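Since the structure comes first, as structure tokens, the remarks are kept for the end.
The values are calculated or read from the model by the stated rules, or taken from the named source; none is laboratory data. All values derive from a computational prediction rather than experimental measurement. Counting neighbours? That spans all protein chains shown, and the Cβs are built from the backbone with ideal geometry, glycine included. Just so you know, the surface numbers come from the protein's heavy atoms only, side chains and all, with ligands and any DNA or RNA stripped out. Shrake-Rupley method; radii C 1.70, N 1.55, O 1.52, S 1.80 Å.
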Amino acid sequence: MEVPDAEGTVRHEAVHYLRNSGFIRPEEWSTLAAKAEAEDWIGKHNIDARYPGLNHADKIEEAVADEYSN
């Protein structure tokens, strides 16, 4: 299977792993989430259209992961 941006995908998934494993502390996550809100990373990365069924907190996580995938 060929992935168009394998490195970006790995970085994206790494954000999820780091958060879920506790490597990103809650206060650090709060800073990232606030930055995502302030800079509209949900809009920037088209998260609403790509993940319509997610709640807002999960959309923020996807937006942060997308921001760090580049």
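List of remarks:
- Some residue of the range 33-40 being at negative phi, within 10 Å of the chain's Cα centre (by Cα) and in a helix (DSSP H, G or I): yes
- Within the range 8-31, the set of residues being more than 12 Å from Asp66 (Cα to Cα) and in a helix (DSSP H, G or I) comprises Tyr17, Leu18, Arg19, Asn20, Pro26, Glu27, Glu28, Trp29, Ser30, Thr31.
- Output for the range 36-70, where each listed residue is touching a residue at least 24 places away in the same chain (Cβ under 8 Å) and either charged (D, E, K, R) or open to solvent by less than 60 Å² (accessible area, probe 1.4 Å) (or both): Ala36, Trp41, Ile60, Glu61, Ala63, Val64, Ala65, Asp66, Glu67, Ser69
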